[in-house]
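Structure first, commentary second.
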Amino acid sequence: MQDVELVDVTDRPRAPGRPRTWLPPAPPEDPPAARPPRPAHRRRWVALVVVLGLVVAGALVGRAAAPDAPVVVAPGMLAPLDGPPWARWRVPVARSADVLAASGALVVSGVRDRRFAVAAYDEDSGERLWTRDLGPVAGTRPLTGCPHAGSDVGPVVLCVVEPPVVPGGGGLGTVPFPAPDERWAQVSALDATTGDVLGRWTVAGRLAAVERIGDDLVVLRVGADGHARVGRYAGADGHRLWWYRGASPLRLREGIVSGSELRVNDAFVLLQGWSATVLDATDGEELTASPRGSFVVGSLSRDVFGTWSSGDGGVVRDRTGRALFTSRALFPAVTASDGDPPDVLVMDEGGTLSARSLPGGTELWRHDTYRAVRLQAGGHLLLLGVDGYQVVAARTGTVEWESPSRVLMWWAPLTDGTLVLGAGRSGTGTPTMEARRLADGGLEWVLPIEQGVRSVTAVGGHLVLRNRDELILLT
């Protein structure tokens, strides 16, 4: 990044965020005064105490030296910040490339010259660890990519490639327009550290969506009868864990799946077309399905899900599919949440936010606003509008604070659970990043952002900036 002047607005002493060097304390100027000799029997006891102390100290040092468990960061949230961030490294990355985090690396993937390429960069140094060419692609096929939910995917990167269908390709299809059921995709499981191919398998049929849960893939295909086929497969070898056939056909137009949607989390799989069907993510069991042909909107949360139809209204259900309460409101599109508080469900009625208790559904509060819920952390909700944001208490709906000036929010605020990073602008018009305390909105620091930056996002807990042709990692 360009040389900038950092403005720290706090007037209280702060612990050093990231010392570049460390020096031991200076020795005392005068030697300690001599003490009278102790009796021999006392020296033996002292020696024994010293030995025991060394054993205990050695155990404590060994425990302290053991590597800390990796910090688990919720999707869309940042790892805890210990001070204003600085640019650790930057690498050339195409504007259309996707970025995910995987076990100490940032993995960049995208289509270039009709081939799908994947590259990994060390998160500490930016050194390129490996590259992998996963073969030709039929244009920029919509499902070609490496699925992820924004969190660190761990040691295995799963990539899906839809190759072009060529004549004589083993009966996989014809050209230039293959039949819908002749399409196929190749899945590669890559080692995040080395790029080695750990496994490779294919999925045949007309693919409509692919999502990742843990180290598995959930694949939505459409059969010749127009009905959905949903399956969960082990990412390493393609072993099918469960399979489901939808009772209602999906919307089809000239062989293209239209109006269908697949959404997943660790608990649920939501399939939406002419109806909404929710499956248990573990075994594929159908938890509920809306009436065939009705207009339905489905939504998922961590522990509950809901379906809404124009005729029957909405029902919110628990992990077993049991109905908890009815509501015509929708779940908001929360981009990051730590799940706190776990017994409050915020719902969007269009111009009004309401909160219900779980599992009973008692209304806790209502708040009229044009802003939408985007973050939930530490018992607070961040509501975002095009010109600013405000923070309300999740349990009471009380407005706690809001951004002081109207600024075009050209990137959505981020949080590490303690601070909110939001878009700002200096008096000279320079775009800035403002850090405010989530609890009370107090300004901690302001950091100018260089011209040309087009996005500021959280990727696996990392703070990532993107301009037209570069990726910049802040830390």
#### Entry: Distribution of pairwise C-alpha distances over region 313-359, 5 Å bins, in %
5, 18, 29, 29, 16, 3, 0
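Of the peptides 457-464, 445-452, how do they stack up when ordered by the mean number of other Cβ atoms within 10 Å, highest first? Let's see the in-between values first.
Values: 457-464: 21.5, 445-452: 16.9.
For the peptides 457-464, 445-452, the packing ranking is 457-464, 445-452.
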### Query
What ranking, highest mean first, results for peptides 86-92, 144-150 when packing means the other Cβ atoms within 10 Å averaged over each residue?
144-150, 86-92
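What's the whole-number percent of alpha carbon pairs in region 93-152 lying beyond 15 angstrom? Don't jump to the answer; show the numbers that get you there.
Numbers: 860 of 1770 pairs.
So the portion of pairs separated by more than 15 Å is 49 percent.
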### Task
Based on alpha-carbon positions alone, could you give the equivalent ellipsoid semi-axes of region 277-347 from the gyration tensor, as √(5λ), descending, whole Å?
20, 16, 11
### Query
How do the peptides 263-276, 398-411, 305-318 rank, highest first, by the average count of neighbouring beta carbon atoms within 10 Å per residue?
263-276, 305-318, 398-411
### Task
Pop a pseudo-label 7 angstrom from the Cα along the beta-carbon direction at both ARG322 and THR352 and give the gap in nm to one decimal.
3.0 nm
### Query
In units of 2.2 N^0.38 Å, what is the alpha-carbon radius of gyration of region 329-475?
1.08
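Quote the charge dipole size of region 343-475 about the Cα centre in Debye, to the nearest 20; the model charges only the Cβ of Lys and Arg (+1) and of Asp and Glu (-1). Display every interim value, and only then the final one.
On the way: 12 positive and 15 negative charges, 31 e Å.
Charge dipole of region 343-475: 140 debye, to the nearest 20.
Evaluate region 184-283: find the radius of gyration of its Cα atoms, find its Kirkwood radius, and give the ratio Rg to Rh.
Working: Rg = 14.0 Å, Rh = 14.1 Å.
Dividing the radius of gyration by the Kirkwood radius yields 0.99.
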### Task
Using a 1.4 Å probe and ignoring any ligands, DNA or RNA, find the accessible area of LEU330 and quote it in Å² to the nearest 10.
70 Å²
### Message
If you average the alpha carbon positions of region 210-226 and of region 430-475, how far apart do those two centres end up, in angstrom?
### Response
35 Å
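The values are calculated or read from the model by the stated rules, or taken from the named source; none is laboratory data. Quick caveat: nothing in here was measured; it's all calculated off a predicted structure. No Cβ is skipped: glycine too gets one built from the backbone with ideal geometry, and neighbour counts run over all protein chains shown. For the accessible areas, the whole protein counts, side chains as well, though only heavy atoms, and no ligand, DNA or RNA atoms are used. Shrake-Rupley method; radii C 1.70, N 1.55, O 1.52, S 1.80 Å.
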